[in-house]
Amino acid sequence: MKHHLPAGSTADGPYGLVVTPESAGWSYAALRVLELPDGGEAAFGTGEFETIVLPLAGSCTVTCDGERFELRGRRDVFSRVTDFAYVPRDAHVTVSGQGRFALAGARCTRRLVPRYVPAEDVPVELRGAGPASRQVNNFGTPEGFPYADRLIACEVLTPGGCWSSYPPHKHDEETPSEAVLEEIYYFEVAPGPGGRPGMAYQQVYGTAERPIDVLAEVRDGDVVLVPHGWHGPSMAVPGHHLYYLNVMAGPSPERAWRICDDPAHTWVRDTWLEQPLDGRLPLTSPEERR
């Protein structure tokens with residue numbers, strides 16, 4: 001299935017995951033996951049892509065344009081909100097340390113300045129209610145990080161048994177209520193007792209004019225590509241919390257996340273007024289959770 005990329009299926013050298021605009025069949029959004037052994041180091045040029053270096057597990061040092069950023073990182077995505085570094089297009093970058101690091105990228109035109117953002121400055125939003133409760137870490141959204149050109153990125157943590165990316169929504173037309181954005185979903189699933197692996201599910205569906213049909217069982221390291229169409233729900237099975245990293249970018253001159261709900265399901269939002277938020281949220285904060 002071309003829109004569901006199982007873990008390891010796009011690995012290349014030190015990168016356990018590589019999604020480029022060319023491999024995805026679109027123009028802007030990109031994602032790599034860099035895997036470094038203890039004392040490891042990788043150097044790369046950003047080319048046309050502004051990039052956020054986001055620790056998934058481990059810590060690292062990022063150097064760019066004479067700047068040096070020490071990223072404390074985290075044990076894993078379910079342990080804390082992480083700090084991160086932004087590096088611009090047309091830059092030479094070195095990442096050294098140990099762990100796994102997401103390189104979320106967007107093809108862009110403006111060359112901005114490198115930046116470091118501590119975990120304490122990442123806005124954490126609790127969204128939805130009842131079985132549609134979730135946590136959104138807005139580290140790379142226009143409101144949470146206004147210093148990028150095209151890149152939009154966030155993390156979503158969904159408690160086991162809950163649905164997120166719900167109601168299903170889309171952003172594939174340029175209108176006052178929608179912006180055209182390509183989107184990458186990168187998944188990790190919290191293990192069960194004894195390290196038993198978990199799973200989750202992701203749906204993407206289209207219209208008669210622009211069909212797409214994805215209902216994928218996803219596991220640690222899987223990716224789902226959303227070139228267009230309604231996407232959601234993201235379903236966390238009972239007993240396994242779900243994490244996903246969203247990376248978005250598109251052609252609009254305005255860096256904005258504007259979405260349109262599937263009108264068949266938008267009524268669900270009204271029911272949230274009568275339901276409490278899931279009491280397990282927030283799942284993470286800037287403080288390490290043991």
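Converting phi to 3J(HN,Hα) with the Karplus coefficients 6.51, -1.76 and 1.60 and the offset θ = phi - 60°, the stretch 100-113 yields 10, 9, 7, 10, 8, x, 9, 5, 9, 10, 8, 9, 9, 9 Hz in sequence order, with x at every glycine or proline. Can you list the residues of the stretch 42-78 with backbone N under 16 Å from a point 7 Å past the Cα of Asp90, pointing along Cα to Cβ? What the label zone holds, given the 16 Å backbone N cut-off, is 45-51, 65-66.
Helix-only estimate, please: 222 nm mean residue ellipticity of the chain, summing -39500 (n - 2.57) across DSSP H runs of length 4 or more and dividing by its residues, to the nearest 500. For the chain, the value works out to -500 deg cm²/dmol. Near the amide H of Ser165, within less than 5 Å, lie the amide hydrogens of Ser234, all on another chain or at least 5 residues away, with H placed in the peptide plane. For the stretch 119-239, the square roots a ≥ b ≥ c of the C-alpha gyration tensor eigenvalues yield an a/c of 1.5 or more together with a/b not exceeding b/c, which makes the shape oblate. Once Kirkwood radius over Cα pairs in Å is calculated for the structure shown, the corresponding label among (i) 19.0; (ii) 21.2; (iii) 22.4 turns out to be (i). Other residues within the sphere of radius under 10 Å centred on the Cβ of Pro21, judged by their own Cβ, net out at -2 (K and R +1, D and E -1).
Between Ala208 and Asp121, how high is the FRET efficiency from 1/(1 + (r/R0)^6) when r is the Cβ-Cβ distance and R₀ = 51 Å? Nearest 0.05.
Working: r = 44 Å, r/R0 = 0.87.
Computed FRET efficiency for Ala208 and Asp121: 0.70.
The amide H of Ala57, built 1.01 Å from its N in the peptide plane, has Arg100 as neighbours under 5 Å, considering only residues 5 or more places off or on other chains.
Taking the highest mean first, how do the peptides 169-181, 225-237 order by number of other beta carbon atoms within 10 angstrom per residue? Numbers along the way, then the final one.
Working: 169-181: 17.1, 225-237: 22.2.
Put in order of decreasing packing, that is 225-237, 169-181.
Rounded to the nearest whole Hz, the Karplus-based 3J(HN,Hα) values (6.51 cos²θ - 1.76 cosθ + 1.60, θ = phi - 60°) of the stretch 7-13 follow the sequence 3, x, 6, 10, 4, 8, x, with x at glycine and proline.
Please give the per residue accessible area of the chain, computed with a probe of 1.4 Å over protein heavy atoms only, in Å².
Values: 12020 Å² over 290 residues.
That works out to 41 Å² per residue.
Solvent-accessible area assigned to carbon and sulfur over the chain amounts to 53 percent, based on a 1.4 Å probe. Annotation: amide H of Glu183 within the under-5 Å range of Val226, sequence separation 5 or more or interchain, hydrogens built in the peptide plane. Is the stretch 1-130 rounded, prolate or oblate when judged by the Cα gyration tensor, a ≥ b ≥ c being the square roots of its eigenvalues, rounded requiring a/c under 1.5 and prolate requiring a/b larger than b/c? The shape class here is rounded. Shown here for the stretch 87-129: trypsin sites (Lys or Arg not before Pro) in loop regions (DSSP other than H, G, I, E, B) with at most 15 other Cβ atoms within 10 Å, namely Arg110, Arg111. Spatial offset of the stretch 220-267 relative to the stretch 1-33 amounts to 17 Å, using the alpha carbon center of each. Rounded to the nearest whole Hz, the Karplus-based 3J(HN,Hα) values (6.51 cos²θ - 1.76 cosθ + 1.60, θ = phi - 60°) of the stretch 229-242 follow the sequence x, 6, 10, x, x, 9, 10, 8, 6, x, x, 9, 5, 10, with x at glycine and proline.
The values are calculated or read from the model by the stated rules, or taken from the named source; none is laboratory data. Since the structure is predicted, the reported quantities are computational estimates derived from the model, not experimental observations. We place every Cβ from the backbone using ideal geometry, glycine too, and count neighbours over all the protein chains shown. Side chains included, ligands, DNA and RNA excluded: accessible areas come from the protein's heavy atoms. Shrake-Rupley method; radii C 1.70, N 1.55, O 1.52, S 1.80 Å.
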